[in-house]
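The values are calculated or read from the model by the stated rules, or taken from the named source; none is laboratory data. Computed from a predicted model, the values in this text were never measured in an experiment. Neighbour counts are summed over all protein chains in view; Cβ atoms, including those assigned to glycine, are modelled from backbone coordinates with ideal geometry. Only protein heavy atoms, including side chains, enter the accessible area calculation; ligands, DNA and RNA are left aside. Shrake-Rupley method; radii C 1.70, N 1.55, O 1.52, S 1.80 Å.
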Amino acid sequence: MTIRHHLSDQLLIGYAAGQLPEAFSLVVATHVSLCDECRARLASYDTLGGALIEDQGDVEMAEAALEAVMARIEGMPQATQRAPMRASGIFPAPLADYVGGDLSAVKWRSIGMGVKQAILPTGRDASARLLYIPAGVAVPDHGHRGMELTLVLQGAFADANDRFDRGDLEIADENLEHTPVAMAGQDCICLAATDAPLRFRKFLPRLAQPLFRI
């Protein structure tokens, strides 16, 4: 597997610092478990962060601060803590742990044209969902009001700008408008996270948008 589209430095640093929304952390952890390059970059940021903390010397902590931090870590889904290296089926370990299994554990909901989605339970500051797009089917033309991360887990999709295969991550922002199309040969399954609703041009997708929470 050759991965050509990687995480940005900003996302990796935010993940290492624990500052990303839960939905984005899930995508980052899942990509890192597939991508040697991003895993190495993340390790370097972790090392740098540890060195910076050591340089600060002894810092007085508020009473019960350690207990509060540990409780927060223990309460987080495993996927948002760090990315294990194993995999289960087509779902890398962080996602499989989060979903509670592989494809058979997903409760899909049809959203039309053979496309299905499964919204994952995450914090309210961003949303995560699995998308199933039949080969050859296009997602309606849309733009973005915020950031959208789309990680390919099976098959591939393409838009006017590029092609994205398993392990590739598309990072979309307010400047991108596109019509992703699942490539022929294999149905496309993606993990996507957004921090704002998409911006559809056509009336019918806009009408259905509140119902499907996209």
Considering only the other residues whose Cβ falls under 11 Å of the Cβ of V27, what net charge follows from Lys and Arg at +1 and Asp and Glu at -1?
-2
Assuming R0 = 41 Å, what is the FRET efficiency of R145 and T47, from their Cβ-Cβ distance, to the nearest 0.05?
0.70
Using the Cβ atoms and a cut-off under 13 Å, what net charge is assigned to the surroundings of A156, where Lys and Arg are +1 and Asp and Glu are -1?
-3
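Restrict the search to segment 99-157; then list the chymotrypsin sites (Phe, Trp or Tyr not before Pro) that DSSP places in a loop and that have at most 13 other Cβ atoms within 10 Å of their Cβ. Please list the in-between numbers first.
Values: sites: W108, Y132, F157; in loops: W108.
Counting only loop positions with at most 13 other Cβ atoms within 10 Å, the chymotrypsin sites (Phe, Trp or Tyr not before Pro) in segment 99-157 are W108.
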Between R145 and residues 5 or more places away or on another chain, the pairs with built amide H atoms under 5 Å apart involve R199
Non-local residues with an amide H under 5 Å from the amide H of Q154, with H modelled 1.01 Å from N and Pro and chain starts lacking one, are I189
According to a simple spin-label model (label point 7 Å from Cα along Cα-to-Cβ), what is the distance in nm between E37 and M113?
3.0 nm
Rounded to the nearest 10 Å², the 1.4 Å probe accessible area of R145 is 130 Å²
